[in-house]
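A.B. asks: Before anything else, here's the structure in question.
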Amino acid sequence: MRTGREENPPEADADVGDFETYATARWSWMLRFAYLLTHGDHHEAEDLVQTTLAKVYLRWDHIRTLGAPDRYVRRALINNNTTRQRRRRVVQLLTPHLTEPATLADHDSYDTRTELLAALATLPPRQRAVVVLRYWECLGEQETADILGCSAGTVKSQASRALKKLRGCAVLSDYAATAAQS
């Protein structure tokens, strides 16, 4: 089931011949994906996307022949985020809230987005990647496994552990109870 995001059209419709065209067409999708991977830090997400695009550009002639550049870019974003987290020595928290709340317009309110991002931030990088791919990007287990380079069983177990941890998050439990009563 696709969520109908115009910024993430099917790969068959993408013009993958020209890197600049591809990067421009996919910028908002990559930024939203990176935003979720970087604990809701808009500036870190932009840095992650730019770093990934710089690396993708160097291999673009090969990547465009693969027929699925979005899969390659998703995996590159995940790998670069993992590397970024390993290398990161100092955490800089400039503001507790996103300055551009329209980035995640699909959710009910700014507070709900903030709570959701805080809950996602409690997950280890691999579990967060599984949750974002499975439930935000609406990818299947096998497709998620292919992107992450693991088995479908690993995706299932990582998703199960992540969801268990998220269910234990008081903020999300309160939100779920409120949403169920509405």
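A.B. asks: At pLDDT 65 or above, open to solvent by less than 50 Å² (accessible area, probe 1.4 Å) and polar (S, T, N, Q): is that true of Gln127 in this structure?
C.D. replies: Yes: the conditions hold for Gln127.
A.B. asks: Can you report the number of residues in region 120-162 which are in a loop (DSSP other than H, G, I, E, B) and in contact (Cβ under 8 Å) with a residue 12 or more places away in the chain?
C.D. replies: Qualifying residue count, region 120-162: 5.
A.B. asks: Specify the residue that is farthest from Ala25 (Cα to Cα); the eligible residues are those in region 35-91 that are of a type in the set (A, V, I, L, M, F, W, C) and open to solvent by 70 Å² or more (accessible area, probe 1.4 Å).
C.D. replies: So the residue we want is Val90.
The values are calculated or read from the model by the stated rules, or taken from the named source; none is laboratory data. Treat the numbers as computed from the prediction; the structure is a model and nothing was measured. Every residue, glycine as well, gets a Cβ built from its backbone with ideal geometry; the counts of neighbours run over all protein chains shown. SASA here: full protein model, heavy atoms, side chains in, ligands and nucleic acids out. Shrake-Rupley method; radii C 1.70, N 1.55, O 1.52, S 1.80 Å.
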